Amino acid sequence: MNRAAVALVSALVLGSAYAVAAGVVSDLDTLRDLHRSAYVGSAACARCHPSHDESFRRTFHRTMTQEATAESVLGAFDGRALRYGGRTARMARADGGRFVVEVSGDDGRALERWTVARLVGSRRHQQLFTREGDVWVRLPIAWDVEEGRFFHLNGAFLTPDPEVPEGGRIAEADYLRHSVRWNDNCIFCHNVAPDPGLDPATGAFDSRVAELGVACEACHGPGADHVRANASPVRRYALHASDDADPTIVNPARLSPERRSEVCGRCHGQRITDDVGRFLAHGDPFVPGDSLADYSRPLARDTPLHGDPEAFAPRFYGDGTARLTAYEYQGLLQSACASEGALSCTDCHGMHEGDPRGQIRPSALGNAMCAGACHGELASDDALLAHAGHVSVACVDCHMPRIVYGIRTLHRSHRIDVPRPLADQAAGRVDACTLCHTDANADWAEAAIAAHYPRRLAPEGTPSTTRGLLGGDPIERSVSAAALGRGTAANDRDARLGLLLAAMQDDPYPAVRGIAWRSLRALAPTAGEIERFTSTDDARERRAQIEGITRALLASHESISSPDGALVAELRARAELRAIEIGE
Amino acid sequence: MSEPGETDLLRARARRIGWTSLLGWAAVGLLLEGAHGFKLSRYLDDALTRELCTLGHAHGVGLALVVLVFGEAGLPVLSASTRGSTLTTLALGSVLVPSAFLLSSIAHPEGDPNALVWLVPVGAAMILAALVRTARATWARPPPPE
């Protein structure tokens, strides 16, 4: 009897085990349509992936969008004020701990009072949003995380100073020029599964996201099926024991380089769609692993908008290289490293490793990525010297120069290309050579490259950075101002000080003045009250501040070589004063 | 001086197993405290490793005590024909469960113990089988004296 019972139980156990195993094998072989799966949020992922969760939580992706709380607000809402355009914005805490921005006129009359409800950004800047009914609206004041002070958005975007009428108070439209709606702008790239929920009939929004910020499912796809399926320990251990992919989730590392980069390109590559209405009403249907081209295409210099082929041209140099951030995907597509070498974003950037600022993989730092992956012949200092004529510069300094404008800073171009100074100049770019050789111009750089880097030829003509700083369009001026502040800049310190002071005083764009100020501060961090300089202050206040800085520089035995007045006038006359929209 | 009976021999075996096991698993507890004291990052930084080691230590100590109690209070209620096999089953299970917890913390995949953790339910089934047999025996009529 006992033997029969044991045999029966054993048969049942073995039969059940076989059925479970067969079910798991079949399940793992069944492809899923992840568009049908639901989102669960990163907390559900953390239960089984604590290490990945921990490494993700370090990143600024996580805090890309947050509700305004005492923990998430970085700005100093301690009653401090920011005066701009004939108004004073005061940032303070109100009853119940709310964060408020109160704007008053010079006469002290209250003009606006906004409660901060939502935040975007946490690394360099934190933008503030107030809620008005069903929409969140960006406030004109933001917090500069690195500087530790508030700034007006007119000093961040590439638009000229607004007209200042008698009385000094700029128009409300100018003060609020960069107010945008979160619901149909920021929502798309700063959250998981964005859905603006616009009702085209009423214009009302019912905006929803699966999770605020860029979290796990932005890159791995919706996780409900994955969580449900892997509640089975048999299934999990079958996966642990095999190298097979789990069809219930996307692992970008298993995608082709093209598809992998498209996961990043969804947000790091401004796109346009033929079906804007569908995006606004129901959200972006893209799920990692999809082809981006199924729903949208990346913006290019000649992408037409309402029949206008020049609509997006200001966002690109003449050769199609992006001039703004959030076009890194376009840069990658234009690079031979990707088209001929299968380079993808995640070869250099790791979402779960590296310094959160840039998220460069430790294995890709310095020249390790280039020399380690495809250009092993350049791994030694001798080979690098023979190749580039320098050993102290990194591959990216020449092949990914800092010519891309982000908000209040310059970034590396992600179009990995070869410096061609004259062609770059023709395209409106400051070439990589003269970004360091700031006392030389493109002709010199072209000749130097042609002669394979002999010692310095005598520069003729105006240096490229001088021409760019004083006579370029806003991005060229920003690129040159940033280049003059770096330790690599080759021209004399007194000339750099003079050029930067001139730009801080007279450039018609506050954003460019701000970049010039940062460069000057890098050169002379203790010059008087340099920290007090505010690029959005009016010309009279700026002059007073610059005079103070100049006095301090001279008192510390610095010499300042101001650029020739006639040259400045000639170049300023050539400078382009168009506004360049960042394109949110 | 009379020869020891079978129950006495089994009780001695249970004592050896129980006290030795208690010593071993208590020593593991000391090691875990040491890992805390010396801030051993490989132990402290991995929550799952910590949990599995703690489970191993706690189950090891607890089950060692169960074996000791079984030797004193369980053996007498069982019939002579089942005493030996029940002790063996209980002892094996009480070693298997904590050992599987402890060893499954080594080189485990993210979020899960390694595959050795599958020995935990096997050991638990053995312990339960021994406990069921002992509990049933307490409800039956007393075995005849040896």
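Just one of the listed residues (A:GLY528, A:GLY548, A:GLY514) is touching a residue at least 40 places away in the same chain (Cβ under 8 Å) and either over 31 Å from the mean Cα position of the chain (by Cα) or part of a helix (DSSP H, G or I) (or both), and it is A:GLY514. Of the residues B:SER104, B:SER85, the single one that is within 14 Å of chain A (Cβ to nearest Cβ), of a type in the set (Gly, Ala, Ser) and out of contact with any Leu (no Cβ under 8 Å at 6 or more places or on another chain) is B:SER85.
Restricting attention to the range B:6-33, the residues that are loosely packed, with under 13 Cβ neighbours inside 10 Å, under 22 Å from B:VAL77 (Cα atoms) and of a type in the set (Asp, Glu) total 1. Scanning the range B:37-61 for residues that are at pLDDT 95 or above and either charged (D, E, K, R) or touching a strand residue (DSSP E or B) at 6+ places or on another chain (Cβ under 8 Å) (or both) turns up B:ARG50, B:GLU51.
Filter the range B:40-53 down to the residues that are buried (at least 16 other Cβ atoms within 10 Å of the Cβ) and in a helix (DSSP H, G or I), then identify the one that is nearest to the other protein chains (Cβ to nearest Cβ). Result: B:LEU48.
Being under 24 Å from A:ALA46 (Cα atoms), at pLDDT 95 or above and not charged (D, E, K, R), is that true of even one residue in the range B:62-75? There is no residue in the range B:62-75 that is under 24 Å from A:ALA46 (Cα atoms), at pLDDT 95 or above and not charged (D, E, K, R). Evaluation of A:SER363 against the conditions (1) hydroxyl-bearing (Ser, Thr, Tyr); (2) crowded, with 16+ Cβ neighbours inside 10 Å; (3) part of a helix (DSSP H, G or I) shows that the sole unmet condition is (2).
Only a single item in (1) over 26 Å from A:VAL25 (Cα atoms); (2) within 14 Å of chain B (Cβ to nearest Cβ) is not met by A:PRO196, and it is number (2). On the basis of being farther than 28 Å from A:PRO356 by Cβ and in contact (Cβ under 8 Å) with a residue 40 or more places away in the chain, does A:THR248 make the cut? Against the criterion (farther than 28 Å from A:PRO356 by Cβ and in contact (Cβ under 8 Å) with a residue 40 or more places away in the chain), A:THR248 qualifies. Any residue at all in the range B:135-143 that's among the hydroxyl-bearing types (Ser, Thr, Tyr) and either in contact with a Cys (Cβ under 8 Å, 6 or more places away or on another chain) or modelled with pLDDT of 95 or more (or both)? Checked the range B:135-143: no residue is among the hydroxyl-bearing types (Ser, Thr, Tyr) and either in contact with a Cys (Cβ under 8 Å, 6 or more places away or on another chain) or modelled with pLDDT of 95 or more (or both). Among the residues of the range A:319-332, the one identified as among the hydroxyl-bearing types (Ser, Thr, Tyr) and outside any loop (DSSP other than H, G, I, E, B) is A:TYR329. A:HIS399 fulfils the conditions (1) within 20 Å of A:TYR329 (Cβ to Cβ); (2) in contact (Cβ under 8 Å) with a residue 40 or more places away in the chain except for a single criterion, (2).
Counting only helices (runs of 4 or more DSSP H) that sit wholly inside the range A:399-473, those with at least 2 residues that are modelled with pLDDT under 90 are A:442-450, A:464-471. If you filter the range A:76-85 down to residues that are in contact with an Asp or Glu (Cβ under 9 Å, 6 or more places away or on another chain) and crowded, with 18+ Cβ neighbours inside 10 Å, you find that the one that is farthest from the other protein chains (Cβ to nearest Cβ) is A:GLY85. A residue that is without any contact (Cβ under 8 Å) to a residue 60 or more places away in the chain and over 27 Å from the mean Cα position of the chain (by Cα) occurs somewhere in the range A:64-79.
For A:ALA171, the stated conditions do not hold, so it cannot be described as surrounded by fewer than 19 Cβ atoms within 10 Å (Cβ to Cβ), among the hydrophobic types (A, V, I, L, M, F, W, C) and within 21 Å of A:ALA44 (Cβ to Cβ). Scanning the range A:57-78 for residues that are touching a strand residue (DSSP E or B) at 6+ places or on another chain (Cβ under 7 Å) and outside any loop (DSSP other than H, G, I, E, B) yields A:THR65, A:GLN66, A:GLU67. Only one entry of B:GLY37, B:GLY93, B:GLY111 meets the criterion of being touching a Leu at 6+ places or on another chain (Cβ under 9 Å) and away from chain A (no Cβ under 14 Å), and that entry is B:GLY93. Filtering the range A:472-505 to residues that are in contact with a strand residue (DSSP E or B) (Cβ under 7 Å, 6 or more places away or on another chain) and either free of Cβ contacts under 8 Å to residues at least 40 places away in the same chain or over 25 Å from A:PHE157 (Cα atoms) (or both) leaves nothing.
If the condition is being farther than 30 Å from A:TYR405 by Cβ, surrounded by 19 or more Cβ atoms within 10 Å (Cβ to Cβ) and either out of contact with any helix residue (DSSP H, G or I) (no Cβ under 6 Å at 6 or more places or on another chain) or among the β-branched types (Val, Ile, Thr) (or both), then the range A:240-270 contributes A:THR248, A:ILE249, A:VAL250. Selection of the range A:29-56 for residues being of a type in the set (A, V, I, L, M, F, W, C), in a helix (DSSP H, G or I), in contact with a helix residue (DSSP H, G or I) (Cβ under 6 Å, 6 or more places away or on another chain) and away from every other protein chain (no Cβ under 11 Å) yields only A:ALA44. In the set A:PRO165, A:PRO160, only one residue is in contact with a Leu (Cβ under 9 Å, 6 or more places away or on another chain), in a loop (DSSP other than H, G, I, E, B), under 30 Å from A:GLU576 (Cα atoms) and modelled with pLDDT under 95; that residue is A:PRO160. Can you tell me how many residues within the range A:333-360 are among the hydrophobic types (A, V, I, L, M, F, W, C), buried (at least 20 other Cβ atoms within 10 Å of the Cβ) and part of a loop (DSSP other than H, G, I, E, B)? Final tally of qualifying residues: 2.
Filtering the range A:551-566 to residues that are touching a residue at least 60 places away in the same chain (Cβ under 8 Å) and either assigned to a helix (DSSP H, G or I) or not hydrophobic (A, V, I, L, M, F, W, C) (or both) leaves A:GLU558, A:SER559, A:SER561, A:SER562, A:PRO563. The set of residues in the range B:104-123 that are part of a helix (DSSP H, G or I) and over 20 Å from B:VAL67 (Cβ atoms) comprises B:ALA115, B:LEU116, B:VAL117, B:TRP118.
Candidates A:PHE129, A:PHE157, A:PHE99: the one that is under 20 Å from A:HIS190 (Cβ atoms), touching a residue at least 24 places away in the same chain (Cβ under 8 Å), touching a helix residue (DSSP H, G or I) at 6+ places or on another chain (Cβ under 7 Å) and crowded, with 20+ Cβ neighbours inside 10 Å is A:PHE157.
Per-residue answers, yes or no, for (1) surrounded by fewer than 19 Cβ atoms within 10 Å (Cβ to Cβ); (2) modelled with pLDDT of 95 or more; (3) within 30 Å of A:GLU166 (Cα to Cα):
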site	(1), (2), (3)
A:ALA7	yes, no, no
A:ASP29	yes, no, no
A:ARG87	no, yes, yes
A:ARG93	yes, yes, no
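The values are calculated or read from the model by the stated rules, or taken from the named source; none is laboratory data. Everything numeric here is computed off the predicted structure, so don't read it as measured data. Every residue, glycine as well, gets a Cβ built from its backbone with ideal geometry; the counts of neighbours run over all protein chains shown.
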